[in-house]
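Here's the structure we're looking at; comments come further down.
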2 protein chains.
Amino acid sequence: MTSQHLVPVILLGVGGVGRALIQQILARRDYHVSQYGVRLEIVAVADRNGACVAPQGLSESELRTIVEHKAGGGYLADLSFGYYQHNVRDIVDLEAHANTIVVDVTATDNTFDALLLARERRAGIVLANKLPLTRPLEKSSPLWQYPRLRYETTVGSAVPVITTAQRLAASGERIERVQGSFSGTLGYIMTAIEEGMAFSKAVLRAKELGYTEPDPREDLSGRDVARKALILARTLGWKVEMADIRVQSLFPEEWATWPLEDFLAELPALDADFFSWRNVSQARHEALRYVAKLTPDQITVGLEFVPQTSPLGRLQGTDNLVEFYTEYYDPQPLALQGRGAGVEATASGVLSDIIQLALASSSA
Amino acid sequence: MTSQHLVPVILLGVGGVGRALIQQILARRDYHVSQYGVRLEIVAVADRNGACVAPQGLSESELRTIVEHKAGGGYLADLSFGYYQHNVRDIVDLEAHANTIVVDVTATDNTFDALLLARERRAGIVLANKLPLTRPLEKSSPLWQYPRLRYETTVGSAVPVITTAQRLAASGERIERVQGSFSGTLGYIMTAIEEGMAFSKAVLRAKELGYTEPDPREDLSGRDVARKALILARTLGWKVEMADIRVQSLFPEEWATWPLEDFLAELPALDADFFSWRNVSQARHEALRYVAKLTPDQITVGLEFVPQTSPLGRLQGTDNLVEFYTEYYDPQPLALQGRGAGVEATASGVLSDIIQLALASSSA
């Protein structure tokens, strides 16, 4: 490929990952042109109220303005260029064709119709957003069956968990079990507890460091890990629904509906349990981990005691670990490890997906 | 994709990996049809003297006959069906078109012209053979630049090292260093030495177990690891040649030309060195490993002392480990681990490459 292949990008979402992605696309544009002959042009950036749109591509200075403005908490509506007060489906309707790549880095359900429209237009789709893929299969199968979809960063950030699962599924070798620590947030909290910190304090510290969702119950309920397990299972070709996953929450069910301050204030009531589990586990040379475990028969997500000397037991901080036990990887698994959080690493994984989609459609 | 997509496969090489691949293709044909709508038909199987060819696909019983016959050490020339006494380029010339996938699981240089012809025909190419990719760039760049090439199993067997490197290169993030143990064979020998076995005995044991090449100097010279390092570096986009790699051989240079028996008989002369290195390393709580280390400035392959508690130090037996240190994976690397040997795992990785190539060309 010697000629330059122009690829329009529609970006849905301008949170931390979206802003990092814009910056990386700008910083690496020359590299992508010289190395792959691919020139990415961001033609639309959408937040929850509307979008900045420029069919020929937003300029570098416009994009930098967007990044700074959103980092300051502003809305795109307040900007003075190319703003349309449309929903995301309208933006896709306006701008997407077969050469376009629609990138969803939101954490909402509201992009679903826009993604289905992108599929109809034969546009490429890249998701860091887990929600479209965790709907009931009846709803989400048009996405699952779409060959021009990439979603590597929905599980394990940029660690290539999905790519690996896709390769194993493609070969058709028997998958016996997949297990691991899929949450950098819960990994951080478990490590802190192991080092003697109270559970409540570990949660607050994780929140301060920006590791948790704004409402940490999203993490502590296990829901986010369950979503990742569901996406991984479906990638392996298993026909499973969210309701099939046994999820252990780290707090009592009735706390789920409380105001956030009340929830945070009550957290120390759970400290004693975690202290005693920690003491039991250390006496047994084990470590307490929040583990996802997938077999063709059952998927569970919850607390486990694992040997301190096992890969899971040795895991520290926000690192993720995923172990695949298969027909040929048993007793020793195929294992992937690396940081499971951080907006820049995730943005970099999204960018890999974008470039590889662009290359796949230009080469075949 | 609901219709059935017929994909003709030309298989070059019927050693252990080739035979395992034929068996896997047969055993999983129904799965590949139902899951992906892809039906693989092996239209030619070549050994060093010629090929069995059937444009409509060799039958299951013919393929089983080939597998058994080759496992017994026979030549395809002795079979009574579809045999042509042609070189591999002629076979590709006869059978390859844009829908075909040419699979090279030989360990020879003789397939190169056939692969270039496959490229001209726009056929897919899957390599487990490292040699075509380790020629000088001037020669091999037509392959390197070919988008319908897959070669995941050339480094780390089916552990997705190449896929990961391709993703990192696509994103464009800065690669600081890649290091690891790329040889299941040398990993086994290092572990055995650590456990107190003499070097010479460990080599002979590895040879008995089928872990080494027929001539173990291929492994012990570091040449095979250097080839993997070269392929990995080029995958990262680095313009390097074999001569740029500093390779430490585990035996004196002048032994390279000896008859194999003389070489094996002389091996115990090296035992004392390895014993003393092992003792030094244990006293320092270190482990002796054969390590490949790649930076943008320098690539080295050789013996290293590493901390016993590091991932490389904990590595046991034939497992491979590859650690990527990048802009976003530092100080903790993105790490991949899993068995680096075994004909069935490698065949399964080759099969992933074949199916993914077939899907890429049918979907875009």
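The values are calculated or read from the model by the stated rules, or taken from the named source; none is laboratory data. It should be emphasised that the depicted structure is a prediction, and the values quoted were computed from it without experimental measurement. Here the Cβ is made from the backbone with ideal geometry for all residues, glycine too, and neighbour counts use every protein chain on show.
Residues in region B:283-309 that are free of Cβ contacts under 8 Å to residues at least 40 places away in the same chain and loosely packed, with under 15 Cβ neighbours inside 10 Å: 6 in all. Annotation: B:R217 fulfils all but one of (1) touching a residue at least 60 places away in the same chain (Cβ under 8 Å); (2) closer than 25 Å to B:T154 by Cβ; the unmet one is (1). A:G184 falls short on exactly one of the conditions (1) at pLDDT below 95; (2) more than 30 Å from A:A272 (Cα to Cα), and that condition is (2).
Can you tell me which residue is nearest to B:A114 (Cα to Cα) among those in region B:1-22 that are more than 12 Å from every other protein chain (Cβ to nearest Cβ) and among the polar types (S, T, N, Q)? Top of the filtered list is B:Q4. Within the option set A:L312, A:L359, being within 9 Å of chain B (Cβ to nearest Cβ) and either surrounded by fewer than 22 Cβ atoms within 10 Å (Cβ to Cβ) or not in a strand (DSSP E or B) (or both) holds for one residue only, A:L359.
How about region A:56-98: which of its residues are among the basic types (K, R) and more than 24 Å from A:L149 (Cα to Cα)? First the steps, then the outcome.
Within region A:56-98, the first condition is being among the basic types (K, R), and the residues that meet it are A:64, A:70, A:89.
If the condition is that a residue be among the basic types (K, R) and more than 24 Å from A:L149 (Cα to Cα), then A:R64, A:K70 are the ones that fit.
Out of B:A292, B:A256, B:A283, B:A272, one residue alone is of a type in the set (G, A, S) and in contact with a Phe, Trp or Tyr (Cβ under 6 Å, 6 or more places away or on another chain). It is B:A292. Among what's in region B:140-167 and is aliphatic (A, V, I, L, M) and farther than 20 Å from A:S362 by Cβ, pick the residue that is surrounded by the most Cβ atoms within 10 Å (Cβ to Cβ). So, considering only residues that are aliphatic (A, V, I, L, M) and farther than 20 Å from A:S362 by Cβ, the one surrounded by the most Cβ atoms within 10 Å (Cβ to Cβ) is B:A158. The set of residues from region A:225-262 being touching a residue at least 60 places away in the same chain (Cβ under 8 Å) and of a type in the set (D, E) comprises just one member, A:E241. As a summary of the residue check, A:L209 satisfies the conditions (1) touching a helix residue (DSSP H, G or I) at 6+ places or on another chain (Cβ under 9 Å); (2) modelled with pLDDT of 95 or more except for the one numbered (2).
Note on region A:114-132: among residues that are out of contact with any Ser or Thr (no Cβ under 9 Å at 6 or more places or on another chain) and over 17 Å from A:A358 (Cα atoms), the one that is surrounded by the most Cβ atoms within 10 Å (Cβ to Cβ) is A:L115. The condition of being within 13 Å of chain A (Cβ to nearest Cβ) and of a type in the set (G, A, S) holds for only one of B:S157, B:S140, that being B:S157. Against the condition at pLDDT 95 or above, over 30 Å from B:V161 (Cβ atoms) and not aromatic (F, W, Y), how does B:L260 come out, does it pass? In short, yes.
Residues are listed down the side, and each one gets a yes or a no for (1) over 17 Å from A:S140 (Cα atoms); (2) buried (at least 18 other Cβ atoms within 10 Å of the Cβ):
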| site | (1), (2) |
| --- | --- |
| A:G72 | yes, no |
| A:D78 | yes, no |
| A:E95 | yes, yes |
| A:D109 | no, no |
| A:F112 | no, yes |
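Can you name the residue in region B:335-355 that is assigned to a helix (DSSP H, G or I) and either more than 8 Å from chain A (Cβ to nearest Cβ) or surrounded by fewer than 22 Cβ atoms within 10 Å (Cβ to Cβ) (or both) and is also modelled with the lowest pLDDT among such residues? Ranking the candidates gives B:V343 first. When we screen B:A27, B:A44, B:A54 for residues that are small (G, A, S), touching an Asp or Glu at 6+ places or on another chain (Cβ under 6 Å), at negative phi and at pLDDT 95 or above, the only hit is B:A44. One residue stands out among those in region B:97-107 that are modelled with pLDDT under 95 and over 27 Å from B:E213 (Cα atoms): the one that is surrounded by the most Cβ atoms within 10 Å (Cβ to Cβ), which is B:N99.
On the stretch given as region B:321-334, residues that are surrounded by fewer than 24 Cβ atoms within 10 Å (Cβ to Cβ) and not hydroxyl-bearing (S, T, Y) total 6.
Would you call B:R29 within 30 Å of A:W144 (Cα to Cα) and either of a type in the set (K, R) or surrounded by fewer than 22 Cβ atoms within 10 Å (Cβ to Cβ) (or both)? Yes.
Taking the condition within 14 Å of another protein chain (Cβ to nearest Cβ) and on the phi > 0 side of the Ramachandran plot, does A:R148 pass?
Details: within 14 Å of another protein chain (Cβ to nearest Cβ): yes; on the phi > 0 side of the Ramachandran plot: no.
No, not satisfied.
Residues that are under 27 Å from the mean Cα position of the chain (by Cα) and more than 7 Å from chain A (Cβ to nearest Cβ) within region B:323-332 comprise B:E323, B:F324, B:Y325, B:T326, listed in sequence order. Number of residues in region A:41-56 that are of a type outside the set (V, I, T), touching a residue at least 24 places away in the same chain (Cβ under 8 Å) and surrounded by fewer than 23 Cβ atoms within 10 Å (Cβ to Cβ) equals 7. Considering only residues that are touching a helix residue (DSSP H, G or I) at 6+ places or on another chain (Cβ under 6 Å) and away from every other protein chain (no Cβ under 14 Å), look in region B:233-265 and name the one that is farthest from B:L131 (Cα to Cα). The residue in question is B:F263.
On the basis of being in contact (Cβ under 8 Å) with a residue 12 or more places away in the chain and either in a helix (DSSP H, G or I) or within 14 Å of chain B (Cβ to nearest Cβ) (or both), does A:I125 make the cut?
The answer is yes for A:I125.
Look at B:S140 and say whether it is modelled with pLDDT of 95 or more, of a type in the set (G, A, S) and in the same structural domain as B:Q282 (by TED's automatic domain parsing). Criteria not met by B:S140.
Here region B:201-245 is the region considered, the condition is being touching a Ser or Thr at 6+ places or on another chain (Cβ under 8 Å) and of a type in the set (V, I, T), and the residue that is nearest to B:L294 (Cα to Cα) is B:I245.
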